[in-house]
1. In Å, what is the Rg of the alpha-carbon atoms in the chain, and how long is Dmax?
2. Helix 2-17 sits at what angle to the longest principal axis of the chain, using alpha carbons and giving 0 to 90 degrees rounded to 10?
3. Starting from the amide H of residue 98, placed 1.01 Å from N in the peptide plane, find each other amide H under 5 Å away whose residue is 5 or more places distant or on another chain.
4. Using the structure shown, select from 50/115; 31/85; 30/52; 22/53; 30/99 the pairs with a Cα to Cα distance greater than 18 angstrom.
5. Can you compute 3J(HN,Hα) from phi for each residue in the stretch 99-114, using the Karplus curve 6.51 cos²θ - 1.76 cosθ + 1.60 with θ = phi - 60°, rounded to whole Hz and x for Gly and Pro?
6. I need the peptides 127-133, 99-105 ranked by packing, meaning the mean over residues of other C-beta atoms within 10 angstrom, with the highest value on top.
7. Rounded to the nearest 20 Debye, what is the dipole magnitude of the chain about its Cα centre when Lys and Arg each give +1 and Asp and Glu each give -1 at the C-beta?
8. Label residue 61 and residue 20 with points 7 Å out from Cα along Cα→Cβ: what is the distance between them in nm?
Amino acid sequence: MIKKTLFLFFLFFPYLVQGQLKLNISIILKKGVDQGLILVNELHSAEFVKTKKMIKLRMRNGISVFLKAEYVEGADDYGPSGKIKLTGRVLDGNENLIKSFKDENIIIPMGDSRKIICEGSNHQIVEVTIRPELY
């Protein structure tokens, strides 16, 4: 019995000690900015992200945010990097592109926050705040 328990422990041990990338994401939609009336919708989420896999967040009013994160490889890094590279896009309720940050070089250190501001049509501003953590 002890041998079987030890065997199972050592078999699954690599899966237990691997760190996961967690993105704390906050999406804030502000409407009517130029008209003096500001209506605010918010969405807050903590997402576990696999490297190079796209995640999707959607607000009730149709705003969608697609994000993909990957570690920035460094020559002196051992283990996961302390920085991530972020790509993605923001779409409005009609699936029209508001902003794409695929070609931008968005690099965020672990534990720091980065705010991306997108100005859409109809006097809308979408603020996406991202804070990566190693979990």
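1. Cα-based Rg and Dmax for the chain come out at 19.0, 72 Å.
2. On a 0 to 90 degree scale, this one is about 30.
3. 90, 91, 92
4. Going by Cα-Cα distance, 50/115; 31/85; 30/52 fall outside the 18 Å limit.
5. Values per residue, Gly and Pro as x: 7, 10, 10, 6, 8, 6, 9, 8, 10, 10, x, 4, x, 8, 9, 9 Hz.
6. Listed from highest to lowest mean packing, they are 127-133, 99-105.
7. 580 debye
8. According to this spin-label approximation, the distance is 3.1 nm.
None of the figures in this text is laboratory data; all of them are computed from the coordinates on show. Since this is a predicted model, take the numbers as computed values, not measurements. Cβ: placed from backbone, ideal geometry, glycine included. Neighbour counts: every protein chain shown.
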